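Structure record follows, encoded as structure tokens.
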Amino acid sequence: MEQGKGYVFQIQRWSVHDGRGIRSTVFLKGCPLRCRWCANPESWRGVPEIAHFPERCTRCARCAPVCASGAAVRDEAGGAIFAFEKCSGCGLCAEACPRGARRRIGSVQSVEEIMRTVKRDMIFYRESGGGVTFSGGEPFAQPEFLRGLVSACRDFGLDTGVETCGYFDWDGVKDIVARLDSVFVDVKLMDEEKHRRFTGVGNRRILENVVAISRMRPEAVIRVPLIRGVNDDETNLRDLASFAMNRTRIRTMELLPYHDLGAKKHESRGLVPPRFDPPDQAKISEIKRMLTGLGLSVC
């Protein structure tokens, strides 16, 4: 990868849920976690890839002749099938498809290209107290690229934030954290074994990084995706509150009830869509009261 460039899969303008005010959220590809409830599975791989939407396919098989990797091949009936495991992500099949049944997710972009996009809304950032948030995936998975983006934003006086899963090498990115205006860090489960089962990695590094973030940015926010039967139990949440109050300087927690908006994305990547549910509203209200009573500001 050339210096000053990285892999991006979306820039969402006019975002109001990723920090203060009106923001542009830049989604970077690549994530070390494989959360079973993930809403953005297209962010997992750190390179461009192809999403397949079979309901749009007319079986014209125009994709097959242009696919050099053997991912798109004609079936016995003359249509085409898609073998995800063989796909190189080149995008030629997506260009050939007349109905959008295949779409390339992610592209290589430069810091300058991204800045041209985010600068379109500078007046709205300033009027609303907003700015730019880097999300993913895991933004710290591309540290050099993220460093360049944060520096460029600061050169233009733009507020910057990061949404992170917390699984990264602290020493390699602490200079970036120091330059941010806001940090939102996920803490999903306090039990190490359960965390590994549901996300693919342990939580020790994440918790250590939350502590390190809090020393530098005590105004950071801990985010908790709430999934019924997974992490909405009293034991997990009391352990999380104890961790926040006793080991960190962070006192704000944001609860994010599970939603199934990522189900179609899983299917488009040849994956089984997740089957989870959020806690009901009464349970969420109960959780908020408990966490508030333990000394946290909950939103």
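Some observations on this one:
- The residues of the range 136-157 that are surrounded by fewer than 22 Cβ atoms within 10 Å (Cβ to Cβ) and either outside the structural domain of Glu42 (by the TED database) or at negative phi (or both), listed by number, are Pro143, Glu144, Arg147, Gly148, Ser151, Ala152, Arg154, Asp155, Phe156.
- Residue match in the range 175-185 (condition: within 18 Å of Met253 (Cα to Cα) and either free of Cβ contacts under 8 Å to residues at least 40 places away in the same chain or not assigned by the TED database to the domain that holds Arg20 (or both)): yes
- Any hit, the range 171-187, residues being farther than 25 Å from Ala152 by Cα and surrounded by 18 or more Cβ atoms within 10 Å (Cβ to Cβ): yes
- Out of Leu261, Leu271, Leu240, one residue alone is open to solvent by 80 Å² or more (accessible area, probe 1.4 Å), among the aliphatic types (A, V, I, L, M) and either modelled with pLDDT under 95 or assigned to a helix (DSSP H, G or I) (or both). It is Leu261.
- Scan of the range 220-229 for residues that are aliphatic (A, V, I, L, M) and either open to solvent by 20 Å² or more (accessible area, probe 1.4 Å) or under 18 Å from Tyr167 (Cβ atoms) (or both), ordered by number: Ala220, Val221, Ile222, Val224
Conditions (1) open to solvent by less than 50 Å² (accessible area, probe 1.4 Å); (2) of a type in the set (Lys, Arg), marked per residue:
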position: Arg196; (1), (2): no, yes
position: Gly200; (1), (2): no, no
position: Asn209; (1), (2): yes, no
position: Ile213; (1), (2): yes, no
position: Pro218; (1), (2): yes, no
position: Asn231; (1), (2): yes, no
position: Thr235; (1), (2): no, no
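The values are calculated or read from the model by the stated rules, or taken from the named source; none is laboratory data. Quick caveat: nothing in here was measured; it's all calculated off a predicted structure. Quick reminder, even Gly has a Cβ in these numbers, built from the backbone with ideal geometry, and neighbours come from all protein chains shown. The accessibility values were calculated without ligands, DNA or RNA, using every heavy atom of the protein model including side chains. Shrake-Rupley method; radii C 1.70, N 1.55, O 1.52, S 1.80 Å.
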